[in-house]
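Trainee: Here it is, the structure, as structure tokens.
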């Protein structure tokens with residue numbers, strides 16, 4: 001696993017704080033600016049993180065170190081007309097403090113929202129052994145008090161109005177938990193019910209057999225949203241959208257994480273340095289565009305977070321997706337006679 005970048009590189013380890021570097025935004029082509037102006041209201045697009053030097057000429061004007069981009073790149077990232085959201089994934093590796101979340105929020109405009117991933121101590125049923133295998137049971141798994149203390153409270157305090165969805169993304173749970181989906185669903189419902197009211201909570205799975213009518217009914221009852229996870233372990237976007245048909249109105253969250261047919265390691269090896277689209281997935285793009293268009297037409301908000309491992313470069317994936325959403329919106333209006 002790649003080393004996670006500290007928000008306060010140096011000072012986090014007791015040494016001298018790393019001096020902030022000025023990050024200039026890349027020149028955005030006029031056609032991309034025009035595309036951004038055509039996007040429907042209520043839509044936010046963003047990348048799962050922002051510390052990639054390979055985005056030089058796309059998001060950044062210059063090639064900089066990942067640590068410099070992680071600490072100082074958000075203002076330039078947020079200047080891109082298509083990027084009104086971002087994922088905070090490093091919170092999965094270890095809890096962040098309210099101060100760290102506030103550090104993010106201070107760098108972005110009012111329109112911007114963060115999708116924040118819950119720590120793995122909340123969503124992982126097992127500890128990780130030193131050799132990378134499965135360790136013993138995790139006593140903090142689905143512990144609402146732990147999640148509130150280590151995740152919900154600091155995220156909301158630090159991000160304020162920049163907080164988007166607080167995401168509980170569960171890894172593959174293993175046969176012990178998926179053998180009886182109803183038991184896991186009941187436990188998840190109890191967990192969600194015990195969390196503080198107010199924030200937008202979302203749940204993303206890596207086990208398709210959990211995605212049942214009872215699962216959606218449980219989320220709805222607890223006031224949480226389902227996150228459509230675009231990942232090889234999950235059904236297609238169209239299949240997940242069909243399963244959601246009775247879920248009821250509410251904001252939509254989509255995370256386009258990994259191209260079908262790839263492992264994380266394979267995608268990284270083939271797609272790095274993430275400066276171009278390597279293996280496009282037009283079918284998934286069109287499915288996401290249709291789902292977003294229908295959601296927005298119903299008056300609900302929609303957020304799509306894409307990763308580099310979706311097609312090769314998250315910002316370029318989002319340009320293509322924006323084009324598809326604009327086209328789908330136009331077609332929908334024509335069909336309605338507008």
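Trainee: From the list 216, 191, 184, which residue is without any contact (Cβ under 8 Å) to a residue 60 or more places away in the chain, within 16 Å of residue 152 (Cα to Cα) and crowded, with 16+ Cβ neighbours inside 10 Å? Spell out how you get there, then give the answer.
Mentor: Details: 216 fails: within 16 Å of residue 152 (Cα to Cα); 184 fails: within 16 Å of residue 152 (Cα to Cα).
After applying the criteria, what remains is 191.
Trainee: State the number of residues belonging to segment 290-309 that are in contact with a strand residue (DSSP E or B) (Cβ under 6 Å, 6 or more places away or on another chain) and in a helix (DSSP H, G or I). I'd like the intermediate steps shown before the answer.
Mentor: We begin by selecting, within segment 290-309, every residue in contact with a strand residue (DSSP E or B) (Cβ under 6 Å, 6 or more places away or on another chain); these are 292, 295-296, 302-306.
Filter again for in a helix (DSSP H, G or I), leaving 292, 295-296.
Total meeting the criteria: 3.
Trainee: Do we have residue 168 as in contact (Cβ under 8 Å) with a residue 24 or more places away in the chain, assigned to a helix (DSSP H, G or I) and buried (at least 20 other Cβ atoms within 10 Å of the Cβ) here?
Mentor: Answer is no for this residue.
Trainee: For segment 208-289, which helices (runs of 4 or more DSSP H) that fit wholly inside it have 3 or more residues that are under 20 Å from the mean Cα position of the chain (by Cα) and within 22 Å of residue 319 (Cα to Cα)? First the steps, then the outcome.
Mentor: Numbers: elements: 213-222, 237-243, 264-271.
Ranges flagged: 264-271.
Trainee: Residue check: is residue 173 within 16 Å of residue 121 (Cα to Cα), buried (at least 21 other Cβ atoms within 10 Å of the Cβ) and modelled with pLDDT under 95?
Mentor: Numbers: within 16 Å of residue 121 (Cα to Cα): yes; buried (at least 21 other Cβ atoms within 10 Å of the Cβ): yes; modelled with pLDDT under 95: yes.
In short, yes.
Trainee: Does residue 34 qualify as being surrounded by fewer than 16 Cβ atoms within 10 Å (Cβ to Cβ) and either under 22 Å from residue 317 (Cβ atoms) or within 20 Å of the chain's Cα centre (by Cα) (or both)?
Mentor: Numbers: surrounded by fewer than 16 Cβ atoms within 10 Å (Cβ to Cβ): yes; either under 22 Å from residue 317 (Cβ atoms) or within 20 Å of the chain's Cα centre (by Cα) (or both): yes.
Considered against the rule, which asks whether it is surrounded by fewer than 16 Cβ atoms within 10 Å (Cβ to Cβ) and either under 22 Å from residue 317 (Cβ atoms) or within 20 Å of the chain's Cα centre (by Cα) (or both), residue 34 comes out as yes.
Trainee: Based on this model, can you work out whether residue 224 counts as under 20 Å from residue 189 (Cβ atoms) and touching a helix residue (DSSP H, G or I) at 6+ places or on another chain (Cβ under 6 Å)? It would help to see each step written out before you state the result.
Mentor: Details: under 20 Å from residue 189 (Cβ atoms): yes; touching a helix residue (DSSP H, G or I) at 6+ places or on another chain (Cβ under 6 Å): yes.
Against the criterion (under 20 Å from residue 189 (Cβ atoms) and touching a helix residue (DSSP H, G or I) at 6+ places or on another chain (Cβ under 6 Å)), residue 224 qualifies.
Trainee: Still on this structure, I have one more. If you go through segment 239-259, how many residues are more than 20 Å from residue 42 (Cβ to Cβ) and surrounded by 15 or more Cβ atoms within 10 Å (Cβ to Cβ)?
Mentor: Initial filter on segment 239-259 (more than 20 Å from residue 42 (Cβ to Cβ)): 239-240, 242-243, 245-246, 257-259.
If we keep only those that are surrounded by 15 or more Cβ atoms within 10 Å (Cβ to Cβ) too, we end up with 240, 243, 257-259.
So the count comes out to 5.
Trainee: Ok, one more. Which of (1) in contact with a helix residue (DSSP H, G or I) (Cβ under 9 Å, 6 or more places away or on another chain); (2) part of a helix (DSSP H, G or I); (3) within 30 Å of residue 45 (Cβ to Cβ) is the odd one out, the single condition residue 116 does not satisfy?
Mentor: Checking residue 116 against (1) in contact with a helix residue (DSSP H, G or I) (Cβ under 9 Å, 6 or more places away or on another chain); (2) part of a helix (DSSP H, G or I); (3) within 30 Å of residue 45 (Cβ to Cβ), the one that fails is (2).
Trainee: When the residues of segment 310-338 are narrowed to those that are in a loop (DSSP other than H, G, I, E, B) and modelled with pLDDT of 95 or more, which ends up surrounded by the fewest Cβ atoms within 10 Å (Cβ to Cβ)? Before the answer, list the steps.
Mentor: Going residue by residue through segment 310-338, those that are in a loop (DSSP other than H, G, I, E, B) are 311-313, 336-338.
From the residues that got through so far, the ones that are modelled with pLDDT of 95 or more too are 311-313.
Working: 311: 26, 312: 22, 313: 26.
The selected residue is 312.
The values are calculated or read from the model by the stated rules, or taken from the named source; none is laboratory data. Note that the coordinates shown come from a computational prediction; the quantities given were computed from them, not determined experimentally. With ideal geometry, Cβ positions are generated from the backbone for all residues, glycine too; neighbour counts draw on all protein chains shown.
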